[in-house]
1. Between Asp256, Asp112, Asp243, which gets the highest mean-square fluctuation from a Gaussian network model of the chain, Cα cutoff 10 Å?
2. How much accessible area per residue does the stretch 15-266 have, counting only protein heavy atoms and a probe of 1.4 Å, in square angstrom?
3. With unit charges on the beta carbon (Lys/Arg positive, Asp/Glu negative), name the residue among Gly109, Leu224, Gly69 whose Cα is farthest towards the positive pole of the charge dipole of the chain.
4. Quick check for me: using +1 on Lys/Arg Cβ and -1 on Asp/Glu Cβ, what's the dipole size of the chain about its Cα centre, in debye to the nearest 20?
5. Counting only protein heavy atoms and a 1.4 Å probe, tell me what percentage of the stretch 31-113's accessible area is made up of carbon and sulfur.
6. Choose one of Phe119, Pro197, Pro268: the residue whose Cα lies farthest towards the positive end of the charge dipole of the chain (beta-carbon charges +1 Lys, Arg; -1 Asp, Glu; about the Cα centre).
7. Express in nm, to one decimal, how much length is gained between Ser180 and Arg90 on full extension, taking 0.36 nm for each residue of separation and deducting their alpha carbon distance.
8. Work out how much length Glu53 to Arg139 would gain on full extension: take 0.36 nm times their residue separation and subtract the Cα-Cα distance, in nm to one decimal.
Amino acid sequence: MTAQEPIANPGSHRDARGRVVVISGAGGGIGRACALMYAAEGATVLVLDNAPETCAQVAKEVDEAGGRGLPCVADVSQEEAVRQISGRLRGEHGGADIVIHAAIQRMPGHLDSLPTGSFDRLLEVGLRGGFLLGREFGRDMVARGSGVLVFIGSTAAYSPYPYTGAYSACKAALVMLAKSFALEWASSGVRSVSVSPGMVRTPMTEELYSQPEVLAGRSAVAPLGRIASPDEIAQAVHFVASDAASYMTGSDLLVDGGFVMSKFMHVPGRG
Ligand SMILES: NC(=O)c1ccc[n+]([C@@H]2O[C@H](COP(=O)([O-])OP(=O)(O)OC[C@H]3O[C@@H](n4cnc5c(N)ncnc54)[C@H](O)[C@@H]3O)[C@@H](O)[C@H]2O)c1
């Protein structure tokens, strides 16, 4: 194909039939939205979550939506567990085509009083979990010469988030981890990217957004004037993992309603 030739089948990236997608934190808001999006295209989705009930529920929803749900209750920070899961998936389904790391265990608190154990746990799930998933499932991708890793970052990777500084540090590191995998594996045909959502209404944030004044106040500071739905993040994940994004690797896609770029909206005076 020359540079001028159009893409042969621009719509083909919408079809994930026959694809195997692994999603950590698939029982939560954004992970579940990704799972159902791929399910609707007929994909096999490994629903990885450490919460047994939501894990089983989402796997069932994947089946009902037209995919094949494989429930997998596991702690993504446990090396042996991730190794076993990737081995089983390799044996039964030939490995993963797409891996999405959305699991997180938020540990809010000011840094001056945050217990060391809380800091460690946040990084274990958010960062180490991403490393283990990327390494274990990515090795098969490298051997095969194709596959995409998607790490769910956050606008907190760009700006320190008051009262949750450890989370910001974790997300900044995760976005860099995506770039590091990208560089190491680019020559193997494996892509690694991150998607950084802004404010999204999910089980993790429901306590906040169920307060009308918080919902209104937060919506007002997003230039698009509202909080995102999990589906809007899943759409972005779907794009970066698809062949439509075949020349993207190491990139971080901000999906934040314009929030990160909006600093000057809050500065008095014109021009
Ligand atoms: N909601 C937002 O506003 C927002 C904004 C930016 C980024 N994010 C990121 O998006 C991702 C998903 O967030 P969400 O809002 O859907 O959260 P959520 O709390 O709804 O989902 C997180 C899921 O991870 C699972 N999980 C926790 N620890 C685990 C472990 N050790 N092993 C396996 N699974 C585990 C939980 O059971 C839960 O189902 C996170 O990485 C989060 O940081 C969310």
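The values are calculated or read from the model by the stated rules, or taken from the named source; none is laboratory data. As the structure is a computational prediction, the values presented were derived from the model and not from experiment. Please note: Cβ atoms are built from the backbone with ideal geometry, for glycine as well, and neighbour counts cover all protein chains shown. These area figures cover heavy atoms from the full protein model, side chains too; ligands, DNA and RNA do not enter into them. Shrake-Rupley method; radii C 1.70, N 1.55, O 1.52, S 1.80 Å.
1. Looking only at Asp256, Asp112, Asp243, the largest GNM fluctuation is found for Asp112.
2. Result: 45 Å² of accessible area for each residue.
3. Leu224
4. With only Lys, Arg, Asp and Glu charged at Cβ, the dipole is about 440 debye.
5. Of all accessible area on the stretch 31-113, carbon and sulfur atoms account for 48 percent.
6. Pro268
7. Extra length available between Ser180 and Arg90 comes to 30.0 nm.
8. Result: 27.9 nm gained on full extension.
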